[in-house]
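Remarks on the structure that follows.
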Amino acid sequence: AQGGGGAHIVLVWTDASGRWPSRGFFGVVSSTTPEPQAVYEAAHAQGDLSMGDAHLVDCNAARPGLWVCVIAVLKRQKNAPYGTPPALCTASLDVALQKVSSAAQARAASVHSPRLAAAAGGGSWYAAERLLRKRLAAVRTFVYYFRRG
C-alpha cells in the first residue's frame, strides 16, 4: 500500500461463501501474507462470516503498518450459472464501511481499496464510491484501478 507513512488498511471485497479465490487481487494478498485468507476461511468455518462484516487482520509481521480488512459485501446468487460475478450489496457495504472508518480512525490509518471491476459487482461501483466518500470522509482513502493486461 502507498500513501505516505503510518498504518494502512487494505480492503478486500468478498462474499460470505468462505471460498477465497487464488487469482487476481486475492492471489496478490495471499502472496504478501497468508493471514487474511486464514482469518476469512476460519470465520466462515466457525459461522462468523456474514454480510456486512469487516474482519480486520493484523499483518504487521509481513509488512509493518499493514492491516487487511476483509469486508463481506458481495452477494452470489445460488442458482446463477457458473462464472456469474457476485453483485454488490450496498446495505452491507454501508455497515462494513462504518466499521472500517472506526478502525482506521483508531489506528490513524489510511484506507486503500481496489476499484471493483465490471465483472465483480462493478456495475454498482458508483454507489460504492458514494458510500466510500460518505463513510470514510474522516479517513485518507485511496482507490486503485488496475487495467487487465
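The values are calculated or read from the model by the stated rules, or taken from the named source; none is laboratory data. Predicted, not measured: the structure shown is a model, and the values here were computed from it. For neighbour counting, all protein chains shown are included, and Cβ atoms are generated from backbone atoms with ideal geometry for every residue, glycine included. Only protein heavy atoms, including side chains, enter the accessible area calculation; ligands, DNA and RNA are left aside. Shrake-Rupley method; radii C 1.70, N 1.55, O 1.52, S 1.80 Å.
Go through L93, L66 for me and flag whichever is aliphatic (A, V, I, L, M), under 13 Å from the mean Cα position of the chain (by Cα) and modelled with pLDDT of 95 or more.
L93 is the lone residue from the list that is aliphatic (A, V, I, L, M), under 13 Å from the mean Cα position of the chain (by Cα) and modelled with pLDDT of 95 or more.
Could you tell me whether region 97-106 includes any residue that is closer than 16 Å to A128 by Cα, at pLDDT 95 or above, open to solvent by 40 Å² or more (accessible area, probe 1.4 Å) and among the charged types (D, E, K, R)?
yes
What is the one condition in (1) within 22 Å of V29 (Cβ to Cβ); (2) modelled with pLDDT of 95 or more; (3) open to solvent by 20 Å² or more (accessible area, probe 1.4 Å); (4) among the aliphatic types (A, V, I, L, M) that A119 does not satisfy?
(2)
What number of residues within region 76-90 satisfy the criterion of being basic (K, R) and modelled with pLDDT of 90 or more?
Final tally of qualifying residues: 0.
Can G27 be described as within 16 Å of S113 (Cα to Cα) and over 12 Å from the mean Cα position of the chain (by Cα)?
The answer is yes for G27.
Within region 14-30, can you find the residues that are part of a loop (DSSP other than H, G, I, E, B) and either aliphatic (A, V, I, L, M) or in contact (Cβ under 8 Å) with a residue 12 or more places away in the chain (or both)?
D15, A16, S17, G18, W20
Kindly provide the set of residues from region 35-76 that are buried (at least 20 other Cβ atoms within 10 Å of the Cβ) and hydroxyl-bearing (S, T, Y), ordered by number.
Once the filter is applied, which keeps residues that are buried (at least 20 other Cβ atoms within 10 Å of the Cβ) and hydroxyl-bearing (S, T, Y), region 35-76 yields only Y40.
May I ask you to list pairs of residues, at least six apart or on different chains, whose Cβ atoms are under 8 Å apart, with the first in region 83-109 being of a type in the set (K, R) and the second being assigned to a helix (DSSP H, G or I) and at pLDDT 95 or above?
Close Cβ pairs satisfying both conditions: none exist.
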